[in-house]
Structures are given as C-alpha cells and as structure tokens.
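Trainee: Provided herewith is a single structure, encoded as structure tokens, for subsequent inquiry.
Coordinate-derived values only; no laboratory data. If you're wondering where the values come from, they're calculated on a predicted model, not measured in any experiment. Heads up, the Cβs are rebuilt from the backbone with ideal geometry, glycines too, and the neighbour counts pull from every protein chain shown.
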Amino acid sequence: MASASLMKLNASSSQWIGQKSFNRCTNINNNNNRVSFSIRAGSYTDELVQTAKTIATPGRGILAIDESSATAGKRLASIGLDNTEPNRQLYRQLLLTTPGLGEYISGAILFEETLYQSTTDGKKMVDVLRDAKIMPGIKVDKGLVPLPGSNNESWCQGLDGLASRSAEYYKQGARFAKWRTVVSIPCGPTALAVKEAAWGLARYAAISQDNGLVPIVEPEILLDGDHSIDRTLEVAEKVWSEVFFYLAENNVVFEGILLKPSMVTPGAEHKEKASPDTIAEYTLKMLKRRVPPAVPGIMFLSGGQSEAEATLNLNAMNQSPNPWHVSFSYARALQNSVLKAWQGLPENFEAGQKALLARAKANS
Ligand code: 13P
C-alpha cells in the first residue's frame with residue numbers, strides 16, 4: 001500500500017504520474033493554491049482505447065490459456081500427459097492454431113512461457129495469433145500468498161518490477177494484461193482483504209496502461225461456500241465499489257480497461273441452485289450499480305461452472321442491450337471439452353480443435 005503522501009501527490013497533481021512522466025510532476029500547490037484533478041492522457045491512451053474496443057467486438061470473447069506451469073500440469077495430468085515444456089507447447093499450439101478461431105475469439109491470455117514460445121514448426125505463437133486477428137495478452141501477476149492480519153485470506157503479488165516487465169511484454173507483442181486476485185466470502189471477506197485486492201488491481205492497471213497494455217481487472221469472488229446469492233451480491237457490490245474508487249484515484253483511463261468479474265451466483269455449496277435468468281438479473285443489477293458505461297467490455301470468468309452453465313448464464317445476460325459489451329474470458333469452460341477430445345493423441349489433434357471452436361461459437 002502506498003503512503004498517504006504519495007496518494008495525495010497522485011490525486012493532486014495535474015500531471016499523469018506515469019513511469020515516463022515521473023520527472024515532470026509539478027509542485028502540488030503551484031497554481032494559486034488551486035488543486036487540479038484533471039487527468040492527462042499517457043502516451044498510449046489512444047492505442048489502449050482502440051485495443052480495448054477491438055477485444056470487445058460483438059460476437060467475440062477471450063480465450064484464457066494463462067495457467068501457470070503447475071496448473072497447466074494439472075490439466076495435462078487429467079489426460080495422462082507429463083507436465084513437460086514440449087507437452088505444454090503442443091497443447092497450446094493445438095488451441096491457438098485452431099482454424100477459424102478469430103471469428104469468435106478476439107484475445108488470448110498467455111502465460112509468459114507461451115508469449116516467448118514458437119510452435120513446433122518454428123512460428124512464434126504471437127504471430128499465429130496476429131495472423132488470426134487475435135490480440136495477444138499476458139498474465140502479469142505473480143500469484144496469491146497468505147495475507148497477514150486477515151482471516152486466512154490472500155493477496156496477489158507482482159507489482160515489484162511490473163513496469164519493466166510490462167514494457168518487455170509490449171515489445172514481445174502483448175497488447176493487454178491480466179491480474180487475478182481473489183476474494184473469499186466464507187473467510188469474511190475482511191475489509192483489509194477487499195482493500196488490498198482493490199488497491200493492487202488499481203496499481204497494476206495504472207502501470208499496465210503506462211506501458212501500453214490494456215489491463216483486465218479481475219477480482220475473482222470465489223464460488224466456494226454455502227452463502228446465498230444475496231450475500232454474493234452484497235460482497236460483489238462492495239468489492240467493485242472499492243476497485244473503481246482506487247482505479248479513479250490512480251488516474252486509470254476507464255475507456256482503456258476490461259473487467260473480468262465472477263457472475264453473481266449462490267455459493268457452490270448453497271442448498272439451492274439459481275437459474276440462468278436469476279444469475280443474469282443479479283449480475284447485471286450489480287454491474288449497472290457499480291460499473292461506469294465508459295468501460296468498453298465485461299468479460300466473465302467461468303470460475304468452475306460447467307461449460308454449459310457458463311454458456312447459458314452468459315446468454316441470459318445478453319437478452320437485452322447492456323451499456324458495455326458483455327462476453328467471456330473463459331479458461332476451464334472452453335478447455336474442458338478440448339482435453340477430453342484430444343487425450344494427448346496426434347490422431348485427435350483436429351478433434352480437439354473442433355471442440356474448442358464449438359465452445360467458442362456457443363459462447364459467441
Ligand atoms: P476460469 O474461466 O477457468 O475461471 O479462468 C479464470 C481465469 O482467470 C483464467 O484467466
């Protein structure tokens with residue numbers, strides 16, 4: 001958490017206090033003691049707005065394949081493959097080289113390994129995406145660790161060195177970024193955990209924009225627990241209000257971000273299930289109360305819902321016009337069928353790609 005004096009300087013300066021403009025910041029009270037809150041656009045602003053708009057184009061969503069090597073290993077283990085770099089390369093190649101994928105997918109979130117990797121034929125994965133008119137994105141957070149002083153909750157690491165890493169990712173071809181932090185309802189959530197999650201997301205978003213990457217803002221409210229849908233709504237409203245408070249305080253350009261919220265559902269262990277219509281009603285109510293229309297796109301995570309549930313719930317949310325593009329940024333809800341169809345066998349490579357295309361099309 002930054003010191004109070006740095007936050008005051010940030011909010012009071014008439015300059016965009018970014019990495020490249022840090023030395024240009026003005027004395028906070030040098031204008032007849034008038035404090036200005038106007039935000040000066042950073043050097044990437046136009047490009048950020050354009051990138052966010054392109055990712056939020058109608059009929060398309062995001063394919064999330066940014067699993068850490070350990071999580072990718074779990075996916076591979078489910079079909080009996082070892083967690084080796086060649087196996088991860090082959091699986092991700094299968095996904096990214098799917099013919100026609102760009103019709104339904106506008107962006108792909110990659111893990112660092114994939115951003116720097118080539119296919120087995122020697123073509124950079126980033127170029128595969130570019131040729132398919134899919135924006136390459138990059139997971140930039142460094143994962144969750146216990147949050148001392150909280151009720152067994154966690155916080156997300158990765159701000160140290162983020163500016164220089166982001167600049168490198170941009171050079172490598174990435175145009176958007178992802179930072180996932182989590183909030184647990186059964187653990188509270190405590191005020192400390194919510195504030196830390198929101199502040200971390202806002203700092204990350206400002207640093208990403210300063211380096212040309214559109215930040216996906218993802219405070220995942222975990223499904224775990226036996227709480228009601230009303231309790232999820234209450235927590236989601238609290239979390240998103242803090243997130244937007246700190247995004248504004250960090251001078252983040254709202255037109256150049258994308259959100260990745262959890263849908264508002266009852267806890268996974270709650271006695272009653274909610275219908276897609278109820279989930280859509282609660283989720284849209286929460287978003288309309290908390291998210292300004294300046295934000296171009298809402299790209300939901302699947303969060304452990306089945307593929308069919310994630311598709312039906314998303315469909316229910318698009319039955320009437322929304323102020324933002326409402327789409328998907330699914331990992332498990334796009335990949336489960338692919339793994340089942342592929343089974344790691346060369347003769348099933350095409351079947352795996354067809355399964356991906358079918359899921360992407362269904363969500364589109
Ligand atoms: P799921 O759709 O599996 O919840 O993925 C979450 C995520 O953040 C992947 O980028």
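Trainee: How about region 208-224: which of its residues are away from the ligand (no atom under 12 Å from the Cβ), part of a loop (DSSP other than H, G, I, E, B) and touching a strand residue (DSSP E or B) at 6+ places or on another chain (Cβ under 9 Å)?
Mentor: If the condition is that a residue be away from the ligand (no atom under 12 Å from the Cβ), part of a loop (DSSP other than H, G, I, E, B) and touching a strand residue (DSSP E or B) at 6+ places or on another chain (Cβ under 9 Å), then Asn211, Leu213 are the ones that fit.
Trainee: Can you confirm whether Trp155 is within 16 Å of the ligand (Cβ to nearest atom) and among the aromatic types (Phe, Trp, Tyr)?
Mentor: no
Trainee: Checking the condition hydrophobic (A, V, I, L, M, F, W, C), touching a residue at least 12 places away in the same chain (Cβ under 8 Å), closer than 28 Å to Tyr204 by Cα and part of a helix (DSSP H, G or I), which residue from Val252, Val235, Val338 passes?
Mentor: Residue meeting the stated conditions: Val235.
Trainee: Given the condition more than 20 Å from Ala72 (Cβ to Cβ) and among the basic types (Lys, Arg), answer yes or no: does some residue in region 337-346 qualify?
Mentor: So far as region 337-346 goes, no, none of its residues is more than 20 Å from Ala72 (Cβ to Cβ) and among the basic types (Lys, Arg).
Trainee: Going by the conditions given, is Ser228 over 19 Å from the mean Cα position of the chain (by Cα) and among the small types (Gly, Ala, Ser)?
Mentor: yes
One line per residue, one yes/no per condition, for (1) within 16 Å of the ligand (Cβ to nearest atom); (2) over 19 Å from Leu223 (Cβ atoms):
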| residue | (1), (2) |
| --- | --- |
| Glu281 | no, no |
| Met286 | no, no |
| Arg290 | no, yes |
| Phe300 | yes, no |
| Gln305 | yes, no |
| Asn322 | no, yes |
| Val326 | yes, yes |
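Trainee: Look at Tyr116 and say whether it is touching a residue at least 24 places away in the same chain (Cβ under 8 Å) and over 27 Å from Ala163 (Cβ atoms).
Mentor: No: the conditions fail for Tyr116.
Trainee: If only one of Lys171, Lys178, Lys133 is assigned to a loop (DSSP other than H, G, I, E, B), charged (D, E, K, R) and either touching a residue at least 60 places away in the same chain (Cβ under 8 Å) or surrounded by fewer than 20 Cβ atoms within 10 Å (Cβ to Cβ) (or both), which one is it?
Mentor: Lys133
Trainee: Still on this structure, I have one more. Only residues in region 302-313 that are closer than 10 Å to Ala362 by Cβ count as the first member; pair them with residues that are more than 7 Å from the ligand (Cβ to nearest atom) and aromatic (Phe, Trp, Tyr), Cβ under 8 angstrom, at least 6 apart or cross-chain, and list the lot.
Mentor: Note: pairs meeting the criteria are Ala310/Phe300; Ala310/Phe328.
Trainee: Would you check if Ala268 is assigned to a loop (DSSP other than H, G, I, E, B), under 18 Å from Ser228 (Cβ atoms), within 16 Å of the ligand (Cβ to nearest atom) and not hydroxyl-bearing (Ser, Thr, Tyr)?
Mentor: Answer is yes for this residue.
Trainee: Just one of (1) over 29 Å from Pro99 (Cα atoms); (2) away from the ligand (no atom under 15 Å from the Cβ); (3) small (Gly, Ala, Ser) trips up Ala351, so point out which.
Mentor: Tallying (1) over 29 Å from Pro99 (Cα atoms); (2) away from the ligand (no atom under 15 Å from the Cβ); (3) small (Gly, Ala, Ser), Ala351 fails exactly one: (1).
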